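Novice: Pasting a structure below so you can have a look.
The values are calculated or read from the model by the stated rules, or taken from the named source; none is laboratory data. Model, not experiment: these values are computed from the prediction. Every residue, glycine among them, receives a Cβ derived from its backbone with ideal geometry; neighbour counts consider all protein chains shown. Heavy atoms of the whole protein, side chains included, go into the accessibility calculation; ligands, DNA and RNA do not. Shrake-Rupley method; radii C 1.70, N 1.55, O 1.52, S 1.80 Å.
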Amino acid sequence: MNEKYVAMDVHKASVVVGVRDKAGKMIGQAVVETKAQTIRDYVRGLSGTIHLTFEEGTQSAWLYDLLRPLVAECIVCDPRRNKLLADGNKSDEIDVAKLSELLYLGRLRPVYHGGQGTRTLKELAHNYEALVKDNTRVKNRLKAIFRGRGIGYQGDEIYDCQEQGKWLAKLTEGGVRERARQLYEQLQQLERWVAAARRQMLAESRRQPAKKNLQLIPTLGEISVAQLIATVDTPHRFRSKRQFWTYCGLAVVRHTSADYRFEQGELRRRVKPGPTRGLNRNYNRRLKRIFKSAALTGSIKGPFKPYYERLLARGLSSELAQVTLARKIAAITLTLWKKGERFDPEKMVKPA
């Protein structure tokens with residue numbers, strides 16, 4: 001079979017392409033313009049069965065949708081895993097040669113790119129989160145102005161745009177007052193945008209079949225469920241809850257060595273587990289925030305509170321108990337999502 005292994009190094013203006021044959025020999029390189037039709041025409045001009053890869057980046061989603069129908073296999077790979085590319089000299093030609101070699105050897109770690117079913121929800125969720133961050137940033141800047149001049153306030157009262165005249169009057173410096181006034185204008189506009197973005201995201205999430213059942217899981221609010229669906233896309237990406245925990249940043253990392261020894265001529269494996277090294281560090285920030293927030297709420301009220309209290313009774317610290325509860329909620333969410341079932345508090349099991 002005439003197979004080709006193609007790697008692309010994508011930039012704003014150009015795409016460097018490297019091609020290997022079925023024997024792993026480099027048979028060609030090219031530079032094409034970063035335009036949809038140009039890239040499509042180049043890939044269509046390659047004969048045989050095409051295996052294609054490029055690294056995750058700003059243009060990877062667009063490029064994946066563009067080229068996936070044209071090739072037998074399209075892998076968007078994780079650049080943090082491609083250690084070979086960091087070794088030795090670096091250039092676009094060297095990078096595509098190394099990347100195509102990793103593709104040929106089957107040593108690439110793919111990054112998930114789903115179908116079009118949740119693409120709109122993903123974009124709306126990104127938009128909502130970006131606006132919330134902008135809103136928080138403006139609030140912090142406004143608060144710093146008053147704190148820096150010893151002006152006291154209670155709670156969120158300084159963020160009330162209807163009362164901005166009262167607070168601006170407390171600023172005696174003209175330049176500072178004008179800066180604060182413009183921050184109030186930004187805050188007023190951002191709050192309207194955040195509310196509109198939230199409505200759009202929630203409206204789109206209601207079109208997802210999983211929304212109805214996931215909404216019934218205690219401590220997962222409507223916004224969290226919308227962000228969860230936008231991020232995960234489909235629960236069948238994960239074979240087990242342990243894979244899901246790793247993706248959520250809730251997997252316990254262990255480091256072991258010298259696991260085997262000989263006793264009276266017989267090979268024995270160490271029974272005691274190795275020491276833990278905390279939770280995994282490569283994870284999805286949004287999902288970890290969702291489940292840790294859910295665990296914090298569940299430790300205070302709702303059907304998860306008895307489970308949390310039993311963990312404390314076993315001697316676990318409150319921090320470790322909340323992490324365990326977050327893992328529990330994540331596992332329940334994955335299971336119910338896969339099976340299409342509703343949450344039943346009677347099925348809550350005691351911690352082992």
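Novice: Looking at Leu287 and the list (1) modelled with pLDDT of 95 or more; (2) more than 23 Å from Gln227 (Cα to Cα), which single condition is not satisfied?
Specialist: (2)
Novice: On to the next question. Residues that are among the aliphatic types (A, V, I, L, M) and in a loop (DSSP other than H, G, I, E, B): does the stretch 115-137 have at least one?
Specialist: There is no residue in the stretch 115-137 that is among the aliphatic types (A, V, I, L, M) and in a loop (DSSP other than H, G, I, E, B).
Novice: Any idea which of Phe291, Phe262 is open to solvent by less than 70 Å² (accessible area, probe 1.4 Å) and either at negative phi or out of contact with any Leu (no Cβ under 9 Å at 6 or more places or on another chain) (or both)?
Specialist: Phe291
Novice: When the stretch 47-73 is examined, which residues are found to be of a type outside the set (Asp, Glu), touching a His at 6+ places or on another chain (Cβ under 8 Å) and not in a helix (DSSP H, G or I)?
Specialist: Val71, Ala72
Novice: A further question follows. Please list, ordered by first then second residue, the pairs with beta carbon atoms under 8 Å, 6 or more apart or interchain, first in the stretch 149-161 and in contact (Cβ under 8 Å) with a residue 24 or more places away in the chain and closer than 19 Å to Gln182 by Cβ, second surrounded by 12 or more Cβ atoms within 10 Å (Cβ to Cβ) and aliphatic (A, V, I, L, M).
Specialist: Note: pairs meeting the criteria are Arg149/Leu171; Arg149/Val176; Tyr159/Leu142; Tyr159/Leu187; Cys161/Leu187.
Novice: In addition: Do we find a residue being farther than 30 Å from Leu336 by Cα and either touching a residue at least 12 places away in the same chain (Cβ under 8 Å) or out of contact with any His (no Cβ under 9 Å at 6 or more places or on another chain) (or both) anywhere in the stretch 196-218?
Specialist: Yes: one or more hits.
Novice: I'd like to verify a number: residues in the stretch 294-326 that are at negative phi, in contact (Cβ under 8 Å) with a residue 24 or more places away in the chain, surrounded by fewer than 17 Cβ atoms within 10 Å (Cβ to Cβ) and not in a helix (DSSP H, G or I), how many?
Specialist: Of the residues in that region, 2 qualify.
Novice: Let me ask something additional. Is it the case, given these coordinates, that Ile329 is outside any loop (DSSP other than H, G, I, E, B) and not charged (D, E, K, R)?
Specialist: Answer is yes for this residue.
Novice: While we're on this one: Given the options Lys83, Lys90, Lys98, name the one that is among the basic types (Lys, Arg), farther than 30 Å from Ala203 by Cβ and surrounded by 15 or more Cβ atoms within 10 Å (Cβ to Cβ).
Specialist: Lys98
Novice: How do the pairs read when you match residues in the stretch 22-36 that are part of a loop (DSSP other than H, G, I, E, B) with residues anywhere that are among the hydrophobic types (A, V, I, L, M, F, W, C), using Cβ under 6 Å and keeping only pairs 6 or more apart or on different chains?
Specialist: Close Cβ pairs (under 6 Å, with a partner that is among the hydrophobic types (A, V, I, L, M, F, W, C)) amount to Thr34/Ala13; Thr34/Val15.
Novice: Looking at the stretch 197-232 only, could you name the residues that are over 17 Å from Arg286 (Cα atoms), in a loop (DSSP other than H, G, I, E, B) and not polar (S, T, N, Q)?
Specialist: Arg206, Arg207, Pro209, Ala210, Leu216, Ile217, Pro218
Novice: Among the residues that make up the stretch 185-196, is at least one of them among the aromatic types (Phe, Trp, Tyr), in a helix (DSSP H, G or I), surrounded by 15 or more Cβ atoms within 10 Å (Cβ to Cβ) and out of contact with any Ser or Thr (no Cβ under 9 Å at 6 or more places or on another chain)?
Specialist: Yes - at least one qualifying residue is present in the stretch 185-196.
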